[in-house]
Amino acid sequence: MFADRIEAKWIDAFCEIFERCAVKSGDTAAILSETQSRALNVHLAELALLRMGAKPFHIVVPTPRNREVVPVRSTGASVAIQRLGPVVAALQQAGFVVDCTVEGLMHAVETPEILKAGARILNISNEHPEALERMVPDMALEKRVRAATKMLRGTKRMRVTSKAGTDLDVDMAGASTVGVWGWTDKPGTLAHWPGGIVVSFPKSGAVNGTLVMAPGDINLTFKRYLTSPVRMTLKDDYVTDLQGEGADAMMMRAYLAAWGDREAYAVSHVGFGMNPAARYEALAMYDQRDTNGTELRAVSGNFLFSTGANEFAGRYTSGHFDLPMMGTTIELDGVAVVHDGVLQDVFG
């Protein structure tokens, strides 16, 4: 079996991202992983922290059994901690947490408790380090993501259209918006690397219209570029109809139905990618085990539409799709921030 060796350039990249997270010599840092984590990234995190003079320690938990009826991929909702109090307590006290779990802690049930204690969490997405080294963010990206986050938080209406037939209306009143530029230096916050994404979680009953995924759009749960159109009708947040003649629509219908949960059909979040370093074709360049697809979420100008859990609308489910769509036009209160898939120069 082919095995990657440790590369100095990858340690350099990890040091760069940890420096952006304000890690200093003498700081304590917890490296959280599970038995099925990418060992290469766990090792790189340790070596980088040691090179910086920090004091890392490992928390390794067994990867739990999948209790669902289908494979679970790319949810951002790790169940690895299993609500174990001693693990949560250790992470709360660490100050800085390097999250190397397979799915990540972004939507994990334990995360709010860890953040409330003042810890800051950097999720290293389950990518091959070759992708991570290309996606070390810069200060210019942070500035643009912050500006987009501020604009979305003040938006009353989002409209998304496309030549393929998308015409989606999103009531943004009361939506919760999060921007991620790839690192965090503030206690009580979480970020993921790669970054360059801004997403909003609409309130209940806020999303209506038609969403048409065209060939070349992406289903990241399946890690697949679509080869045939998929047409979804949404009413008060829920996909009420999903049409398409090819394998893409057939698999999506089967996967949604397998959960036996109406909430799996609901909207999780809407947003767009902003990272000019993120490559659309990257999904074709790695084996499926070597990518989590976070880079595809961050591709500049994509419309990131997701189904599944939305705690801000009171909906919880394990079913989840992340669906980056290319070639859309996104308008915020009538201002086009993305036009035909191209991010507009409105964020400085």
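The values are calculated or read from the model by the stated rules, or taken from the named source; none is laboratory data. What you see is a predicted model; the values in this text were computed from it and never measured. So basically every Cβ, Gly included, is an ideal-geometry build from the backbone, and we count neighbours across all protein chains shown. For the accessible areas, the whole protein counts, side chains as well, though only heavy atoms, and no ligand, DNA or RNA atoms are used. Shrake-Rupley method; radii C 1.70, N 1.55, O 1.52, S 1.80 Å.
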Quiz item: Can you tell me which residues in segment 163-183 are aromatic (F, W, Y) and open to solvent by 20 Å² or more (accessible area, probe 1.4 Å)?
Solution: W181
Quiz item: Just one of the numbered conditions (1) open to solvent by less than 40 Å² (accessible area, probe 1.4 Å); (2) without any contact (Cβ under 8 Å) to a residue 60 or more places away in the chain; (3) among the polar types (S, T, N, Q) is not true of N208; which one?
Solution: (1)
Quiz item: For segment 309-330, what are the residues that are open to solvent by less than 10 Å² (accessible area, probe 1.4 Å) and in a loop (DSSP other than H, G, I, E, B)?
Solution: G319
Quiz item: If a residue has to be surrounded by fewer than 24 Cβ atoms within 10 Å (Cβ to Cβ) and among the β-branched types (V, I, T) to count, how many in segment 296-308 make the cut?
Solution: 0
Quiz item: Quick one: which of A90, A8, A39, A3 is of a type in the set (A, V, I, L, M, F, W, C), at pLDDT below 95 and over 19 Å from T184 (Cα atoms)?
Solution: A3
Quiz item: If you check every pair at least six apart or on different chains, which have Cβ atoms under 6 Å apart with a residue in segment 244-262 that is open to solvent by less than 60 Å² (accessible area, probe 1.4 Å) first and a residue that is in a helix (DSSP H, G or I) and among the hydrophobic types (A, V, I, L, M, F, W, C) second?
Solution: L256/A264
Quiz prompt | Residues located in segment 331-348, provided they are under 23 Å from L226 (Cα atoms) and open to solvent by less than 10 Å² (accessible area, probe 1.4 Å) | solution = V338
Quiz item: Does segment 150-162 include one or more residues that are open to solvent by 40 Å² or more (accessible area, probe 1.4 Å), assigned to a helix (DSSP H, G or I) and in contact (Cβ under 8 Å) with a residue 60 or more places away in the chain?
Solution: yes
Practice problem: Working carefully through the options A48, A108, A80, A89, find the one that is assigned to a helix (DSSP H, G or I) and open to solvent by less than 20 Å² (accessible area, probe 1.4 Å). | Solution: A48
Self-check item: Subset of segment 184-196 [of a type outside the set (S, T, Y) and open to solvent by 10 Å² or more (accessible area, probe 1.4 Å)]
Solution: D185, K186, P187, G188, L190, H192
Quiz item: Which pairs do you get when a residue that is without any contact (Cβ under 8 Å) to a residue 60 or more places away in the chain and open to solvent by less than 40 Å² (accessible area, probe 1.4 Å), found in segment 215-226, comes within reach of a residue that is part of a loop (DSSP other than H, G, I, E, B) and of a type in the set (A, V, I, L, M), reach meaning Cβ atoms under 8 angstrom, with the pair 6+ apart or on two chains?
Solution: L226/A214
Quiz item: Before we move on, is L296 touching a helix residue (DSSP H, G or I) at 6+ places or on another chain (Cβ under 7 Å) and more than 15 Å from H128 (Cα to Cα)?
Solution: no
Quiz item: So V145 clears everything in (1) open to solvent by less than 60 Å² (accessible area, probe 1.4 Å); (2) among the hydrophobic types (A, V, I, L, M, F, W, C); (3) farther than 22 Å from S74 by Cβ except one condition, right? Which one?
Solution: (3)
